[in-house]
Amino acid sequence: MTTSSALRGEHPLAGDHAAATPESSWRSWDGWDRLSDLELPRAGERVVVVSAHPDDEVLALGGLLQRLGRHGCELVLVCVTDGEASHPGSPTTTPQELAARRPEELARAVARLGHAGAEQLHLHLPDSRVGEHPTELVHRLEPHLAGATLVIAPWSGDGHPDHEACGRAVGAAARDLRLVARCVRGVASTRPLLPVWEYPVWAWHWARPGSAALPWSRARVLRLTVDERLAKAAAMACFETQVRPRSDDPADAPPVPADVLAHFTRAHEVVFA
């Protein structure tokens, strides 16, 4: 997750802590029991998980990643950026150092979730500027989605420009793949669109429980066990550059402070299916 000042200028919802919804409001919401439970794909199916930054998928879906592994699904992780823009103006860390460290943090985190051998792909698009490369991103995603039976991507309405750009690109790539199958490979025109589940990240910070700004009719909830929550907490702690201050300088404050991190420690994970 990247929340530079440039992002805040472009999209006030990303990184805006002034009017944030506290996690206590979400935990006390009575709407969780009204949400439908998430049904997992069949065992052995190939699931591609796309993220904008190395940590989004673990924060939002650490419990689901564990569940998919135990269910016997083949997991492929595609990270669009290296998260190098998370500390603009830092006196201690350069973008180049972050670009090297953050994928390493992701590898340690997914190993904690039982996916040490999962395929991890990094597209190296510029952090904070994914939306400037829509066509390139669609074209680069398509080969990785071609053999999937399910794709999980950031929600295209998440309030973070990189997340939204990734969500739009995955949707476009899924449509393109169906078109190719119909027109080039001779597959029947009834071939279904590649299923895409979208996951919110920043939405928990700016939205309100029950708000019409979120597509609740599409929401599916995964209710985590205690063991899953503990493993997820250990995985999130692997992202040291994101959850711990780099120094006493304000520019080295953690991009995912405690009030944001709290949203990902709850007993529920949600996707929009």
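The values are calculated or read from the model by the stated rules, or taken from the named source; none is laboratory data. Being a predicted model, the structure only gives us computed values, none of them experimental. A quick note on method: Cβ atoms are made from the backbone with ideal geometry, for glycine too, and the neighbour counts reach across all protein chains shown.
Points to keep in mind about this one:
- Condition check for Y199 on (1) modelled with pLDDT under 95; (2) in contact with a Leu (Cβ under 6 Å, 6 or more places away or on another chain); (3) of a type in the set (S, T, Y): one failure, at (1).
- Odd one out for T93, checked against (1) more than 24 Å from T265 (Cα to Cα); (2) outside any helix (DSSP H, G or I); (3) touching a His at 6+ places or on another chain (Cβ under 9 Å); (4) free of Cβ contacts under 8 Å to residues at least 60 places away in the same chain: (4)
- Odd one out for V260, checked against (1) more than 30 Å from G31 (Cα to Cα); (2) at pLDDT below 95: (1)
- Looking at segment 4-87, the helices (runs of 4 or more DSSP H) lying wholly inside it that each contain 2 or more residues that are loosely packed, with under 15 Cβ neighbours inside 10 Å and at pLDDT below 95 sit at 5-10.
- Residues in segment 56-102 that are over 12 Å from the mean Cα position of the chain (by Cα) and within 27 Å of L40 (Cα to Cα): G63, Q66, R67, L68, G69, R70, H71, G72, C73, E74, L75, V76.
- Some residue of segment 114-129 being among the acidic types (D, E), in contact with an Asp or Glu (Cβ under 9 Å, 6 or more places away or on another chain) and loosely packed, with under 15 Cβ neighbours inside 10 Å: yes
- Enumeration of residues in segment 99-113 that are under 25 Å from E164 (Cα atoms) and either crowded, with 24+ Cβ neighbours inside 10 Å or among the aromatic types (F, W, Y) (or both): R102, L106, A109, V110
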